Each structure stands twice: as C-alpha cells, then as structure tokens.
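Student: Pasting in a structure now, in structure tokens, and then I'll have a few things to ask.
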Amino acid sequence: MNAHDSERIAGLLEGMGFKKAPTYEPKLGEPGLTPADVVVLNTCAVREHADTRLYGTLGHLAGLKKKRPGMQIAVGGCLAQKDRTEILNRAPWVDVVFGTHNVGSLPVLLGRAAFSNQAQIEIMESLQAFPSELPVRRAAEHSAWVSISVGCNNTCSFCIVPSLRGKERDRKPSEILEEISALVADGVVEVTLLGQNVNSYGVEFGDKQAFSKLLIQCGKIEGLRRLRFTSPHPKDFTDDVIEAMARSQVVMPHLHMPLQSGSNAILQSMRRSYRREKYLSILEKVRAAIPGVAISTDIIVGFPGETEENFQETLDLVRAARFSTAYTFKYSKRPGTAAVSLEGHLSPEVVAERYQRLVALVDDVSLQENRKQIGETVEVMVGSKSGSKDGGRARLSGRARDNRLVHFSANGLEGDIEPGDLVRVAVSECSPFFLIADGAITSHVKTRTRFNAGLNEIDRSPNSAVNLGIPVFVGS
Ligand code: SAH
Ligand code: SF4
C-alpha cells in the first residue's frame with residue numbers, strides 16, 4: 001500500500017517537472033551528496049522500527065540540506081499522520097508534513113513552503129478522494145497495483161492501521177475495472193489488487209460477494225495475464241472467493257493470508273475473530289480447489305501474554321500449513337492500540353529467542369516445499385532486466401504463477417527477454433527463498449508486443465523451428 005502511494009507521489013512530482021534522482025543510500029557518518037532537489041520520505045508506522053529510522057534519516061538529511069540550500073524535505077505516510085507537529089518539533093528543517101489522506105496536496109505544499117520559507121503541514125482525518133485519481137509513476141512498466149479499498153473496519157488489538165488510515169472505503173467496481181483496462185492499454189500485464197482487508201470489499205455498498213465478483217470481472221479484461229490480491233482476512237474468507245480463484249485462469253494460484261498466531265487464546269486477545277481450525281479448514285478447501293496453490297502468511301511472535309504453549313501452537317500450525325513463505329514479525333507496541341494495556345508483555349530476550357525458532361522452522365518448511373518444485377516446469381513472469389551472474393552464467397529473475405521467486409539462466413537470450421515476458425523453465429535447484437532454473441527456456445511469450453518490438457510467441461522446445469534454425473514469423 002505504501003509503495004503504491006510512493007508511485008502516486010512520484011507521479012505528482014513528475015507532473016511538476018521533477019525527474020527521479022539516482023538511488024541514494026545514506027550511510028551512517030557519511031553524509032555524501034544527493035543530487036535531489038526534493039526528498040520525500042513516505043513512512044510506515046506498523047512497527048516501531050520505522051519511527052527510529054525516520055528520525056535517524058531526518059538527522060542525516062539535515063547535514064545534506066546545509067550543503068544544498070533550497071533542497072526541500074517532505075514527510076508523508078502513516079508516521080506523518082501519527083506524529084504530525086512532533087516531526088517539525090524534532091526536525092525543524094523539514095519543509096512539508098502531509099498525512100495519509102493528503103498525498104494530492106504535496107505539489108501545493110511544496111510550492112507554498114518554498115514561497116513562504118515556512119514549513120507546511122496538512123493532515124486530514126478522512127479521505128476526500130481516492131488516491132487512484134492521482135497521477136502515477138509505476139515502478140514497473142508491466143505490473144501495477146490497484147487499490148480496491150483503503151482503511152480498515154477491524155480492530156486487531158496490535159494494529160495501528162485503522163487509526164491512521166481510517167474506516168474502510170470501497171471504490172466502485174466500475175472505477176476499478178476502468179483503471180485496470182486503462183493500465184492494460186498502457187502495457188500492464190499483471191495487476192495486484194490492494195486493500196487492508198480485500199475480502200471485506202463491498203461492505204460499503206452491502207454486497208458480501210463483491211470481491212469474488214470483482215475477481216471474475218477483472219479476469220475477463222483482455223490482455224491481463226496475471227491477477228493477484230493482498231491481503232484477505234481469514235474471518236471474511238468465503239467459498240465464492242475460492243471458486244472465483246479456481247475458475248479464473250488469470251487469478252494466480254497464490255494466497256497470502258495473514259495468520260498472526262496459531263493459538264486460539266492469542267487470536268482472541270488479538271481480536272482476530274477466526275480460530276486455528278477455521279484457518280486450516282480454509283487452506284484445505286483452497287488446496288482442494290486450486291491444484292499447485294502456494295500459501296503464504298504473516299505471523300507475530302511475542303504478543304502480550306503469549307506462553308511457550310501458545311507459541312508451540314503457532315509452530316504446530318506452521319508445520320501443518322506448509323507455507324511457501326511467512327513474513328515473521330516481533331510484536332511491536334504501537335501507541336493507542338488496545339494491546340499496549342494488556343498484561344504479560346514479554347521481555348525482548350524471550351521474543352528474540354522465539355522469533356529465531358519460528359524463522360528456523362518457517363525456512364525449513366519453505367525449503368521442503370521448494371524442493372518439491374525441483375524438476376517441475378514453471379511459467380515465470382520476468383521481473384526486471386537486471387540479472388545476476390553466477391560463475392559467468394547470466395540469470396534473470398521473475399515470479400512463478402504461485403508467486404515463488406525464480407532465478408533462471410537466460411541462456412544467451414538476455415537481450416531478447418523483456419520484463420513482463422513469460423518464459424517456461426524447469427526448476428533445477430532451490431533455497432528456502434527462491435528457485436533456480438538453469439536448464440533451457442522451453443517457451444518464451446512476449447506479452448507486451450505492442451509496447452516492445454519483437455516476436456509474439458517463441459517456441460524454444462528442442463525440436464522447435466527456432467532451435468532448428470528455421471526463420472519464424474509470428475504476428476504481433
Ligand atoms: N491488513 C493486513 C495487515 C496489514 S499490516 C491484514 O490484516 O492482514 C501487515 C502485517 O504487519 C500484519 O499482518 C502483521 O503481521 C504485522 N503487524 C501489524 N502490526 C504489528 C505490530 N504491532 N507488531 C508486529 N507486527 C505487526
Ligand atoms: Fe490492522 Fe487487523 Fe485491519 Fe489488518 S485487519 S489492517 S491487522 S486492524
């Protein structure tokens with residue numbers, strides 16, 4: 001969600017005539033120079049670590065600003081919404097502070113700050129217009145995020161999101177479909193639908209099946225090759241969504257469904273209204289309906305009151321659920337959330353030790369699941385042109401249909417393969433975090449021929465015309 005907001009910010013800045021500056025990685029104690037005239041920090045507040053990083057980075061930018069008078073610094077996103085004037089108190093060299101509902105105001109605020117030489121701050125309590133109406137500079141030409149809703153009506157006791165992003169607001173299905181059609185016309189072949197709780201989509205206009213209907217409608221958009229979504233909530237996960245996923249060739253066989261804890265007592269105290277049995281029964285149904293589906297999740301360790309026994313229940317669930325990936329987080333105390341006042345906050349040592357055990361198990365399960373892929377042929381959507389070299393072998397990377405990261409040998413085709421292309425390769429090795437495919441590319445589909453000159457579909461199987469040296473002409 002945050003990265004998508006950053007694309008909107010980039011789009012607005014481009015509209016003002018700015019261009020992206022080269023990537024700049026500040027190093028502690030080494031101020032260096034960024035050629036940027038404007039630096040925008042789009043912040044996250046989900047965990048405390050982000051707070052510390054914001055103020056550290058701002059301290060660092062103060063030194064740069066002294067060397068480059070006229071450089072402007074803006075802070076947006078969830079921490080801006082949370083800290084408001086405190087940012088200016090702690091870092092008076094900041095020029096603009098804008099809230100999560102004020103992304104569209106950034107150009108005006110930067111202009112005003114430059115003109116008046118005074119910091120500008122704008123934080124609204126609720127959303128006036130969907131950020132999707134703002135211009136966007138996509139990070140990838142072939143892949144795009146599309147917000148279907150913003151905000152969240154849930155009250156998970158650890159979570160700061162509802163207080164910073166507000167109540168759930170749903171976009172009209174027609175608007176979403178129009179946006180996706182326009183993106184596809186602009187060369188996008190993969191879309192990820194975004195929402196804090198995608199499957200409660202429709203709550204605003206009273207349609208409980210709105211999300212599955214949306215999946216089916218999106219799947220009919222010609223030219224869209226891959227559709228993904230994040231994140232669904234187990235409590236709202238209904239059979240019509242599974243059916244829509246199974247029926248549509250375009251909805252990818254991957255489900256990212258946050259678990260948070262495998263203990264019913266902890267789920268209750270987290271105010272997550274499903275239980276471990278329900279979670280596992282969803283996985284069972286999804287696996288029965290969608291062969292080859294990969295399931296990933298989010299887990300929090302060390303929630304207040306978590307006993308060793310509760311933690312063991314999480315480990316058990318991880319063993320049973322066979323996640324392809326799990327994002328693991330140490331519980332972080334967020335101001336204003338209900339969990340802050342719960343009893344039984346754990347010591348950092350206990351949390352760190354459990355965290356290590358969880359990560360070791362998650363990695364082990366991922367490795368075992370990835371090993372099952374060895375020898376399988378997977379369809380990879382190429383991510384970016386930049387590859388890696390391993391022992392002189394050029395590799396490109398992309399995502400399999402089930403969202404596994406795949407590094408594959410380009411076999412001399414690196415000049416011909418573009419981001420968004422689909423290649424079929426056989427998996428030869430793996431780690432817990434990715435698959436490797438070092439064999440031949442057996443087919444290569446150019447998905448964006450209207451945008452890249454080139455052949456449409458190239459059969460690279462051993463007896464194909466290409467491999468036998470016969471010229472091939474395929475219309476585009
Ligand atoms: N809306 C999504 C989650 C958004 S936040 C959902 O409910 O699925 C992304 C992840 O951050 C959460 O799934 C949770 O695992 C983690 N998270 C949120 N608040 C946290 C906190 N206070 N401490 C640690 N992890 C947290
Ligand atoms: Fe936070 Fe829960 Fe809403 Fe997700 S569903 S954004 S974790 S309150």
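The values are calculated or read from the model by the stated rules, or taken from the named source; none is laboratory data. Since the model is a prediction, treat every value here as computed from it, not as a measurement. Virtual Cβ from ideal backbone geometry, glycine too; neighbours counted across all protein chains shown.
Student: Take the residues of the range 133-185 that are away from ligand 2 (no atom under 16 Å from the Cβ), out of contact with any Pro (no Cβ under 9 Å at 6 or more places or on another chain) and among the charged types (D, E, K, R): which is nearest to Tyr274 (Cα to Cα)? Write out each step before concluding.
Tutor: From the range 133-185, those away from ligand 2 (no atom under 16 Å from the Cβ) are 133-146, 171-185; that's our starting set.
Then keep just the ones that are out of contact with any Pro (no Cβ under 9 Å at 6 or more places or on another chain); that gives 133-139, 144-146, 171-185.
From the residues that got through so far, the ones that are among the charged types (D, E, K, R) too are 133, 137-138, 171-172, 175, 178-179.
Working: Glu133: 35, Arg137: 38, Arg138: 36, Arg171: 26, Lys172: 28, Glu175: 32, Glu178: 34, Glu179: 33 Å.
This residue is Arg171.
Student: Can you go through Phe211, Phe158, Phe115 and tell me which one is away from ligand 1 (no atom under 16 Å from the Cβ) and among the aromatic types (Phe, Trp, Tyr)? Give the steps one after another, and end with the answer.
Tutor: Details: Phe211 fails: away from ligand 1 (no atom under 16 Å from the Cβ); Phe158 fails: away from ligand 1 (no atom under 16 Å from the Cβ).
Being away from ligand 1 (no atom under 16 Å from the Cβ) and among the aromatic types (Phe, Trp, Tyr) holds for just one of Phe211, Phe158, Phe115, which is Phe115.
Student: I would also like to ask the following. Please go through the range 163-183 and give me each residue that is surrounded by fewer than 18 Cβ atoms within 10 Å (Cβ to Cβ) and either within 10 Å of ligand 1 (Cβ to nearest atom) or closer than 30 Å to Glu418 by Cα (or both), ordered by number.
Tutor: If the condition is that a residue be surrounded by fewer than 18 Cβ atoms within 10 Å (Cβ to Cβ) and either within 10 Å of ligand 1 (Cβ to nearest atom) or closer than 30 Å to Glu418 by Cα (or both), then Glu175, Leu177, Glu178, Ser181, Ala182 are the ones that fit.
Student: I've got another one for you. Quick test of your reading of the structure: Ile242 fulfils all but one of (1) in contact with a Phe, Trp or Tyr (Cβ under 9 Å, 6 or more places away or on another chain); (2) modelled with pLDDT of 95 or more; (3) crowded, with 18+ Cβ neighbours inside 10 Å. Name the failing condition by number.
Tutor: That leaves (1) as the condition not met.
Student: Looking at (1) free of Cβ contacts under 8 Å to residues at least 24 places away in the same chain; (2) surrounded by 15 or more Cβ atoms within 10 Å (Cβ to Cβ), find the lone condition where Ala294 falls short.
Tutor: Ala294 satisfies all of (1) free of Cβ contacts under 8 Å to residues at least 24 places away in the same chain; (2) surrounded by 15 or more Cβ atoms within 10 Å (Cβ to Cβ) except (1).
Student: Consider the range 86-111. How many of its residues are outside any loop (DSSP other than H, G, I, E, B) and under 23 Å from Gly63 (Cβ atoms)? Talk me through it step by step, then tell me what you get.
Tutor: Taking the range 86-111 first, the residues outside any loop (DSSP other than H, G, I, E, B) are 86-90, 96-98, 103-111.
Now drop any that are not under 23 Å from Gly63 (Cβ atoms), which leaves 86-90, 96-97, 110.
So the answer is 8.
Student: Which of the residues that make up the range 320-353 are closer than 21 Å to Phe433 by Cα and either more than 9 Å from ligand 1 (Cβ to nearest atom) or surrounded by fewer than 15 Cβ atoms within 10 Å (Cβ to Cβ) (or both)? Don't jump to the end; show me each part of the working.
Tutor: Just the residues of the range 320-353 that are closer than 21 Å to Phe433 by Cα, to begin with: 320-330.
Within the range 320-353, Ala320, Ala321, Arg322, Phe323, Ser324, Thr325, Ala326, Tyr327 meet the criteria.
Student: Examine the range 415-424 for a residue that is out of contact with any Cys (no Cβ under 7 Å at 6 or more places or on another chain) and either loosely packed, with under 14 Cβ neighbours inside 10 Å or assigned to a helix (DSSP H, G or I) (or both), and state whether such a residue exists. Break it down into steps so the answer makes sense when it comes.
Tutor: Let us first name the residues in the range 415-424 that are out of contact with any Cys (no Cβ under 7 Å at 6 or more places or on another chain), namely 415-424.
So of that shortlist, the ones also either loosely packed, with under 14 Cβ neighbours inside 10 Å or assigned to a helix (DSSP H, G or I) (or both) come out as 415.
Looking through the range 415-424, at least one residue is out of contact with any Cys (no Cβ under 7 Å at 6 or more places or on another chain) and either loosely packed, with under 14 Cβ neighbours inside 10 Å or assigned to a helix (DSSP H, G or I) (or both).
Student: Let me ask you something else. Taking Leu317 and the conditions (1) assigned to a helix (DSSP H, G or I); (2) surrounded by fewer than 19 Cβ atoms within 10 Å (Cβ to Cβ), which numbered condition does it fall short on, given that it satisfies the others?
Tutor: It fails just one condition, (2).
Student: So which pairs qualify, if the first residue must be in the range 75-86 and over 13 Å from Gly166 (Cα atoms), the second must be of a type in the set (Phe, Trp, Tyr) and at pLDDT 90 or above, the Cβ gap must be under 7 Å, and the two must be at least 6 apart or on different chains?
Tutor: Filtered contacts from the range 75-86: Gly76/Phe98; Ala80/Phe98.
Student: Right, another one. Output the number of residues of the range 184-204 satisfying the condition of being within 19 Å of Arg138 (Cβ to Cβ), among the β-branched types (Val, Ile, Thr) and within 16 Å of ligand 1 (Cβ to nearest atom).
Tutor: Final tally of qualifying residues: 1.
Student: Something else about it: So which residues in the range 425-437 are in a strand (DSSP E or B) and among the aliphatic types (A, V, I, L, M)?
Tutor: Filtering the range 425-437 for residues in a strand (DSSP E or B) gives 425-426, 429-430, 435-437.
If the condition is that a residue be in a strand (DSSP E or B) and among the aliphatic types (A, V, I, L, M), then Val425, Ala426, Leu435, Ile436, Ala437 are the ones that fit.
Student: So which residues in the range 214-266 are assigned to a helix (DSSP H, G or I), of a type outside the set (D, E, K, R) and either away from ligand 1 (no atom under 15 Å from the Cβ) or in contact with a Cys (Cβ under 8 Å, 6 or more places away or on another chain) (or both)? Spell out the reasoning first.
Tutor: Step one: list which residues in the range 214-266 are assigned to a helix (DSSP H, G or I), which gives 214-219, 234-236, 239-247, 264-266.
Filter again for of a type outside the set (D, E, K, R), leaving 214-219, 234, 241-242, 244-246, 264-266.
Matches in the range 214-266: Leu214, Leu215, Ile216, Gln217, Cys218, Gly219, Ile242, Ala244, Met245, Ala246, Asn264, Ala265.
Student: What tally of residues in the range 133-148 results from selecting those that are farther than 20 Å from Val380 by Cβ, in a loop (DSSP other than H, G, I, E, B) and of a type in the set (Asp, Glu)?
Tutor: 0
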